[in-house]
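Below is one structure, written out as C-alpha cells; the observations come after it.
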Amino acid sequence: LPPPPPVLEPEMLDELREIAGDEAMTIVNLFLEDAPRLVRLLEQASAIPDLEVMREAAHALKSSSANVGALALSAAAKRIELGARAHALDRPAVAVALLIAEFARARVALQGWLSASQAGAQSSSLLSR
C-alpha cells in the first residue's frame, strides 16, 4: 500500500508562493472561505443521496484542495467523485464524514501556514525598508 497523502504538502505552497507571491495567501484564504460551502453541499447531498451533486461538489473540492497542497483532503474528495460517478459509493454519508475530518485537519494546517506566511511577510517588509 502506498503511504497516505500528507494533510499538507508544504512544497506545493512554496511553489505557489514562488509563482504568485503574496497572492498565494489570497488563494489559500479564498479556498478556506469557499471549501465549507462545498463540504456542506456534500453533506446535504449524501443524506439523500444525490450522487450527481456529490460528484460535482467532490470534483470541485478535489481540484481546489490540490491547488493549495491539501493532498489528503483532495484524495478523500477524489474517492467520493469516482465512487459517485460509478454509482459505487456505498455509505455516502460515511465517505463524507471522513472528508469532513480531512477538511478540519487541512483547515488547521492551512491556517498555520497563513500565520507563518503573514509573520514572514511582515518581517521581510521590515527588512526591505
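Data overview
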quantity: Å³ per residue enclosed by the Cα convex hull of the chain; calculated: 101
quantity: Cβ-placed point charges (K, R +1; D, E -1), dipole of the chain about Cα centre in debye, nearest 20; calculated: 280
quantity: Contour excess over end-to-end distance, with Cα ends at D14 and I100 and 0.36 nm allotted per residue; calculated: 28.4 nm
quantity: Degrees, to the nearest 10: 23-47 long Cα axis against longest axis of the chain; calculated: 20
quantity: Mean separation of Cα contacts under 8 Å, 6 or more apart, over the residue count of the range 54-129: relative contact order %; calculated: 26
quantity: Relative contact order for the chain, counting Cα pairs under 8 Å that sit 6 or more residues apart, in percent; calculated: 29
quantity: Crossing angle, helix 71-85 versus the chain [Cα axis fit, 0-90 degrees, rounded to tens]; calculated: 30
quantity: Alpha-carbon centroids, the range 1-46 and the range 58-129: separation in whole Å; calculated: 4
quantity: Gain in span if fully extended, S115 to A47, counting 0.36 nm per residue against the direct Cα distance; calculated: 20.9 nm
quantity: Using θ = phi - 60° and Karplus 6.51 cos²θ - 1.76 cosθ + 1.60, couplings along the range 4-15 (whole Hz; Gly, Pro as x); calculated: x, x, x, 4, 9, 9, x, 4, 5, 6, 4, 5
quantity: 0 to 90° range, to nearest 10: angle between helix 51-67 axis and the chain longest Cα axis; calculated: 20
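Read-outs: derived from the displayed coordinates by stated rules, not from any lab. The model shown is predicted, which means the values in this text are computed figures rather than measured ones. Reconstructed Cβ throughout: ideal geometry from the backbone, glycine too, with neighbour counts over all protein chains shown.
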